[in-house]
1. Yes or no: SER332 more than 16 Å from ligand 2 (Cβ to nearest atom), within 25 Å of PRO389 (Cβ to Cβ) and touching an Asp or Glu at 6+ places or on another chain (Cβ under 7 Å)?
2. Identify the residue in the stretch 277-304 that is outside any helix (DSSP H, G or I) and of a type in the set (D, E, K, R) and, among all such residues, is modelled with the lowest pLDDT.
3. Mind listing whichever residues of the stretch 450-479 are closer than 15 Å to TRP437 by Cα and either of a type in the set (Gly, Ala, Ser) or touching a Phe, Trp or Tyr at 6+ places or on another chain (Cβ under 7 Å) (or both)?
4. Considering only the stretch 44-79, state which residues are away from ligand 3 (no atom under 16 Å from the Cβ), in contact (Cβ under 8 Å) with a residue 60 or more places away in the chain and under 24 Å from the mean Cα position of the chain (by Cα).
5. Just the residues that are closer than 26 Å to TRP437 by Cα and part of a strand (DSSP E or B), please, taken from the stretch 245-271.
6. Going by the structure shown, is LYS131 on the phi < 0 side of the Ramachandran plot, among the charged types (D, E, K, R) and free of Cβ contacts under 8 Å to residues at least 24 places away in the same chain?
7. Just to be sure, is GLU390 free of Cβ contacts under 8 Å to residues at least 24 places away in the same chain and within 16 Å of ligand 2 (Cβ to nearest atom)?
8. Would you mind stating whether ALA473 is in contact with a strand residue (DSSP E or B) (Cβ under 8 Å, 6 or more places away or on another chain), modelled with pLDDT of 95 or more and over 30 Å from ASN388 (Cβ atoms)?
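The values are calculated or read from the model by the stated rules, or taken from the named source; none is laboratory data. These figures come from a predicted structure and were not determined experimentally. Because the Cβ atoms are built from the backbone with ideal geometry, glycine has one as well, and the counts that use them run over all protein chains shown.
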Amino acid sequence: MTISSLGLFVISVLIAEGQGTPKRFPDDFKFGVATSSYQIEGGWNDDGKSESIWDRYVHENPGRIYNKSNADIACDSYHKSDEDVEMIKTLGVDYYRFSLSWPRILPYGTTDYVNQKGVEYYRNLIKNLKKNNIEPMVTLFHWDLPQTLQDRGGFLNEKIVEWFRDYARLCFQLFGDDVKTWITFNEPKQTCMMGYGLAIFPPRVSGHGILEYKCTYYLLKAHAESWHVYNEEFRQRQKGRISIVVDFSWWEPMVANNTMFIAAAESGIQFMSGIYANAIYLGDWPEIVKQRVNERSRKEGKTVSRLPAFTEEEIARIRGTYDFFGVNFYTSVLAVPNPIPLPSGILNDRGCLSFQSPKWEGAGSIWLKVTPWGLKKLLKYLKETYNNPEIIITENGYSDTGELEDDKRISYIKQHLEVILEAREEFGVNVTAYTAWSLMDNFEWIIGYRDRFGLYHVDFTDPERKRTIKKSALYYRDVIKSRCVDGKCE
Ligand SMILES: *[C@@H]1O[C@H](CO)[C@@H](O)[C@H](O)[C@H]1NC(C)=O
Ligand SMILES: *[C@@H]1O[C@H](CO)[C@@H](O)[C@H](O)[C@H]1NC(C)=O
Ligand SMILES: *[C@@H]1O[C@H](CO)[C@@H](O)[C@H](O)[C@H]1NC(C)=O
């Protein structure tokens, strides 16, 4: 090769690389798949497991769940975890994200009594994963609080900080030699806003702009104390990492370049998501949340704000309690300022409304519109807002009615993987892992078994809960194997 042809060669390689989007994931990028205990395990009262708030809720209010379904059996993973591991292995993922059922390990909620059968179940699952070179990524809390702790006030009792910390410490002791990635809470919004604010999820307590904040205050402290326990008592020996997972939708101003709409979008994202991240990643509540709730409380004639104030010590204790930024992303919304007062509560405090464009492609779930561009904008926002943390996408997925030839799910995953590569390349966002939700169709909370998110189909009318691989699982397997979003490299 002559100097000039070498020059041409280099130039043509550069041009080829500059064309289109980068479509290949680096070798150290990790792929995973996720589930949660209540949604898949079943065995709701087997071997000494006690009731969770979800067990109580679906049993007492069957009419509030689509088709009067419950998760007493769900995917029967309590009896079929070997099969689960085989399915995970087929995908070729680096890790499996699942959650521990607190009432299965601690039927009384506290560490006074440990249910050995429950511990054995998770030990076997973890050993089996390790044997197959699949790393466990373990969530301590995915909404199934022991009912017995709910009876003592749940997240409105400050003792939740100790209860959760002690449960976390026990889990580090029991499983920490094998588990190197821990998540304290999954989507705190569903616990505090949906559970203690809007009262849509159990325990269905109406918060009136008071209790949803109180819940968040204690939950953030419980997260921080658990992080400190790990940091001080386990990190050196176990060498793992621990953080929280916050769900973010992207908030796009409905009118571009309009200050009021831009402010509405910022308020929306901060009240819905930033409120669970700011204290951990930056310190204290988001400024806009403090400002709006404090001012509105004053106007309501209250002498104390409805938003509990963090002390300086608390701010310092919570700030920095993370090892990565865990984010669940599904969809986007359009933000509109809302001058009309709604009934009291967090949705009124945030001062904006959200809409989704009818032009956006839909999915099986009414709230889920396909907006990969929103993930791209969100990743840039997270980098800029939270000081460029390492980001792990802990959930992302698409719902339908359970088709095996699920081309729309493939398209959804593909488009989201593409923007992850673009965000890394164009904005330097440090996304290091992607987790598909979900391994298999499962109990989708109040929607029951209607909306299916699985890479595997589950037949819930079959006592054996037969699982069948979907086309999207094969696609995901090929992506992981080739590291290219098309499932093969050109
Ligand atoms: C908004 O502003 C940006 C940058 O100033 C501009 O590129 C864009 O065209 C504007 N959009 C609209 C809808 O006015
Ligand atoms: C991304 O995060 C990982 C883990 O913290 C770190 O090792 C790596 O240097 C970061 N990469 C960039 C480009 O910041
Ligand atoms: C709804 O319930 C009926 C009767 O039990 C059952 O045949 C059907 O499969 C259920 N559908 C869903 C989506 O759960």
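1. Numbers: more than 16 Å from ligand 2 (Cβ to nearest atom): yes; within 25 Å of PRO389 (Cβ to Cβ): yes; touching an Asp or Glu at 6+ places or on another chain (Cβ under 7 Å): yes.
Considered against the rule, which asks whether it is more than 16 Å from ligand 2 (Cβ to nearest atom), within 25 Å of PRO389 (Cβ to Cβ) and touching an Asp or Glu at 6+ places or on another chain (Cβ under 7 Å), SER332 comes out as yes.
2. As a first pass, look at the stretch 277-304 and keep what is outside any helix (DSSP H, G or I): 282-286, 300-304.
Now narrow it down to the ones that are of a type in the set (D, E, K, R): 284, 300, 302.
Values: ASP284: 98, GLU300: 92, LYS302: 95.
Of everything passing the filter in the stretch 277-304, GLU300 is modelled with the lowest pLDDT.
3. Passing the criteria: PHE453, GLY454, LEU455, ILE469, LYS470, SER472, ALA473.
4. Within the stretch 44-79, GLU51, SER52, ILE53, TRP54, ASP55, ARG56, TYR57 qualify.
5. VAL245, VAL246, ASP247, PHE248, SER249, TRP250, TRP251, GLU252
6. Values: on the phi < 0 side of the Ramachandran plot: yes; among the charged types (D, E, K, R): yes; free of Cβ contacts under 8 Å to residues at least 24 places away in the same chain: yes.
Criteria met by LYS131.
7. Values: free of Cβ contacts under 8 Å to residues at least 24 places away in the same chain: no; within 16 Å of ligand 2 (Cβ to nearest atom): yes.
Judged against the criteria, GLU390 is not a match.
8. Numbers: in contact with a strand residue (DSSP E or B) (Cβ under 8 Å, 6 or more places away or on another chain): yes; modelled with pLDDT of 95 or more: yes; over 30 Å from ASN388 (Cβ atoms): yes.
Judged against the criteria, ALA473 is a match.
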